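The values are calculated or read from the model by the stated rules, or taken from the named source; none is laboratory data. This one's a predicted model, so the numbers in the text were calculated from it and none came from an experiment. Note that we place each Cβ from the backbone using ideal geometry, even for glycine, and neighbour counts take in every protein chain shown. In case anyone asks, the SASA skips ligands and DNA or RNA and just uses the protein heavy atoms, side chains included. Shrake-Rupley method; radii C 1.70, N 1.55, O 1.52, S 1.80 Å.
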Amino acid sequence: MCGIVGGVAERNVVPILLEGLRRLEYRGYDSSGIAVLTTKSTIDRVRSLGKIKNLEEKMTDSPPAGKVGIAHTRWATHGVPAENNAHPHICNNKVAIVHNGIIENYQQLKEQQLKQGFKFTSETDTEVVAHSIFTELEKSNDLLKAVQVTISQLEGAYALGVIAANNSEELITARKGSPLVIGIGIGEYFIASDVSALLPVTQKFMFLEDGDIAKITCDSVLILDEKGQEVSREIKTSNLSISSVGLGNYRHYMQKEIFEQPQAVRDTLEGRIAGNKIFVSAFGNQAEEIFKTITQVQIIACGTSYHAGLVAKYWLEDILQLACQVEVASEYRYRNPVIQDNTLFITISQSGETADTLAALKQVKQSKNNKNIPTLSICNVAESSLTRESDLIFLTHAGPEIGVASTKAFTTQLVSLALLTTVLGKVQNRITQQQEQKIVAGLQKLPNLIQNALDHEDAIKEMAKDFADKHNALFLGRGTMYPIAMEGALKLKEISYIHAEAYPAGELKHGPLALIDEDIPVIAIAPLDDTLEKLKANLQEVNARGSKMIVFEDECSDISSEKNFKVIKVTTNVGRITAPITFNIPLQLLSYHVALIKGTDVDQPRNLAKSVTVE
């Protein structure tokens, strides 16, 4: 996921583009760049590694200026974070483009272009688009037509902003699978990946649909659909204000990040799925070749990321019958593990700087016995140490997470692992096309499922009062809900300082039942699955011993509220993949509101740091 902004105006657009980049920086901050058309019909470009402030500092001595321009903030997919991989990309000083998405067939296009004599200056998939547009522009001198012909050759997802030196008054934009809006000013138009980028200059927007291409000048917008027919798109007025980008009306960052999860899921899926299929290349250039050889999976992580890995183990073994092991990084790195060839070694980390996870990855790479062990990093930070050490990278696109207790990073890790499970199944013919389509349909429903779960906040807030004088709690779950119960217990520990443990519900009689009394509340997760009846029996065992119970259930699970037994129906008829992601949400809300009652520091709990960068 990257951020695009562009504009055509009767004034210098550079300050507007920079402000747009600042507002889009959550979409990527490993590099950024800007390109404008000068009065001499040339392209002036500035690019910089790192955050937007680095680009601004680089522009201080000789700031570019122009009335037509494009800009980009990058979250690396093809090519490491580096200035030469930063956008905009330019071909022969004639065409400049910015791109968000993944070009599936870029390797084939690159081979053709190399034979044509084009030189590549980056490792990105985007550069082939710039070369193709240049080729077509040389034939017709019509930028709109050149982009039309080019996108007909592209497979994958894209949002494009294109300018050309000989077409000094127009900006061409197109989208497929990646979002793009057109902002409408007075005698000026702008494009962006997100409405928030353009709020300082307009609140009126047109939302391009898949397959649309638009020619934008100061006084007009021409939109063509995927069939080349001229169309109009409704102009909508945004209710967002400029100030809504910060903490806003939320009391804490954790609360804000909990409620950002529907959008975080959309962002993680963006550009990775289209037409009911998942792009294998979303996991890297060599992903398909590597995934074909995989015979088992090893997941290494810490804390919340470890819990995400445990959920993935159920998916990989249940859905794909692909063997998977999951271990805590701090244990794995010290026990001289034996790894079989053709094991996909997956590390998961929000920050990409978790010391034990990083050390485990380096240990595997340095071992002479691990020649056929490809590595994959699932991470939220493109320029992190973990991503630099890995063969394959998948970025979660959660955006910056400020609260120490991970919420949206965990949810997007689960979404990422669901995509990985599906891709592995597809490449190895372990799932059918119909199964892939069903999984994709479920993932696309997730933002609404999460929002529906968030709508139960008031009821959960009321339940949290039962924890005011409590010092211990027990979480129960079966199947994929066991690691979700572990995550719920961890959240309660982290921010309310209540001692909490999680157990598989079937293990109650093997010890934990001795703890149960009226002073220990029990939180259980009850989806509609094959273990439901077993779970109901477990809950009655707890209820008979006087504990206050909270049950988060599927509407069809049919567990009745009774004395000391509170039930919230948080969702309905969710599948094997969407269920654990959805049921995680009320546990986050519960821990948050218990912490408020306890009066603890929600965003910066004692003794904890956001990233554990030392042992």
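When residue 186 is tested against (1) more than 21 Å from residue 13 (Cβ to Cβ); (2) open to solvent by 40 Å² or more (accessible area, probe 1.4 Å); (3) of a type in the set (A, V, I, L, M), exactly one condition is not met: (1).
Search region 258-302 for residues being over 19 Å from the mean Cα position of the chain (by Cα) and part of a helix (DSSP H, G or I), and hand back the single one that is surrounded by the fewest Cβ atoms within 10 Å (Cβ to Cβ). The qualifying residue surrounded by the fewest Cβ atoms within 10 Å (Cβ to Cβ) is 289.
Residue count for region 504-536 satisfying the condition of being in contact (Cβ under 8 Å) with a residue 24 or more places away in the chain and either polar (S, T, N, Q) or open to solvent by less than 70 Å² (accessible area, probe 1.4 Å) (or both): 20. The single residue among 430, 478 that is at pLDDT 95 or above, open to solvent by 60 Å² or more (accessible area, probe 1.4 Å), at negative phi and not small (Gly, Ala, Ser) turns out to be 430. Among the residues of region 380-400, those that are under 12 Å from the mean Cα position of the chain (by Cα) and closer than 17 Å to residue 25 by Cβ comprise 380, 381, 382, 395, 396, 397, 398, 399, 400.
Take residue 462 and tell me if it is of a type in the set (Asp, Glu) and buried (at least 23 other Cβ atoms within 10 Å of the Cβ). Spelling it out, it is not the case that residue 462 is of a type in the set (Asp, Glu) and buried (at least 23 other Cβ atoms within 10 Å of the Cβ).
One residue stands out among those in region 311-337 that are touching a strand residue (DSSP E or B) at 6+ places or on another chain (Cβ under 7 Å) and open to solvent by less than 30 Å² (accessible area, probe 1.4 Å): the one that is nearest to residue 435 (Cα to Cα), which is 316.
Scanning region 575-615 for residues that are part of a loop (DSSP other than H, G, I, E, B) and buried (at least 22 other Cβ atoms within 10 Å of the Cβ), we see that the one that is modelled with the lowest pLDDT is 602. Note on region 1-107: enclosed strands (runs of 3 or more DSSP E) holding 3 or more residues that are closer than 15 Å to residue 127 by Cα and open to solvent by less than 20 Å² (accessible area, probe 1.4 Å) are 95-103.
A search for C-beta distances below 6 Å between a residue of region 402-416 that is touching a residue at least 40 places away in the same chain (Cβ under 8 Å) and of a type in the set (Gly, Ala, Ser) and any residue that is part of a helix (DSSP H, G or I) and open to solvent by 10 Å² or more (accessible area, probe 1.4 Å), counting only pairs 6+ apart in sequence or on different chains, returns 403/253; 405/494; 406/304. In region 331-356, the residues that are on the phi > 0 side of the Ramachandran plot reach residues that are open to solvent by 30 Å² or more (accessible area, probe 1.4 Å) with C-beta atoms within less than 9 angstrom, at least six apart or across chains, in these pairs: 342/293; 342/295; 342/296; 342/372; 352/383; 352/388; 352/611. When region 374-391 is limited to residues that are at pLDDT 90 or above and within 30 Å of residue 23 (Cβ to Cβ), the one that is most open to solvent (accessible area, probe 1.4 Å) turns out to be 390.
Only a single criterion out of (1) closer than 20 Å to residue 499 by Cα; (2) modelled with pLDDT of 80 or more; (3) not in a strand (DSSP E or B) is not satisfied by residue 546, namely (2). Only one of the numbered conditions (1) assigned to a helix (DSSP H, G or I); (2) open to solvent by 50 Å² or more (accessible area, probe 1.4 Å); (3) at pLDDT below 90 is not met by residue 371, and that is (1). Do we find a residue being open to solvent by 10 Å² or more (accessible area, probe 1.4 Å) and hydrophobic (A, V, I, L, M, F, W, C) anywhere in region 159-170? Taking every residue of region 159-170 in turn, none turns out to be open to solvent by 10 Å² or more (accessible area, probe 1.4 Å) and hydrophobic (A, V, I, L, M, F, W, C). Count of region 494-503 residues, restricted to those that are among the hydroxyl-bearing types (Ser, Thr, Tyr), out of contact with any strand residue (DSSP E or B) (no Cβ under 7 Å at 6 or more places or on another chain) and surrounded by 19 or more Cβ atoms within 10 Å (Cβ to Cβ), is 1. So residue 305 clears everything in (1) closer than 22 Å to residue 385 by Cα; (2) under 22 Å from the mean Cα position of the chain (by Cα); (3) surrounded by fewer than 16 Cβ atoms within 10 Å (Cβ to Cβ) except one condition, right? Which one? For residue 305, the failing item is (3).
For region 163-176, the criterion of being part of a helix (DSSP H, G or I), basic (Lys, Arg) and out of contact with any Pro (no Cβ under 8 Å at 6 or more places or on another chain) is met by none of the residues.
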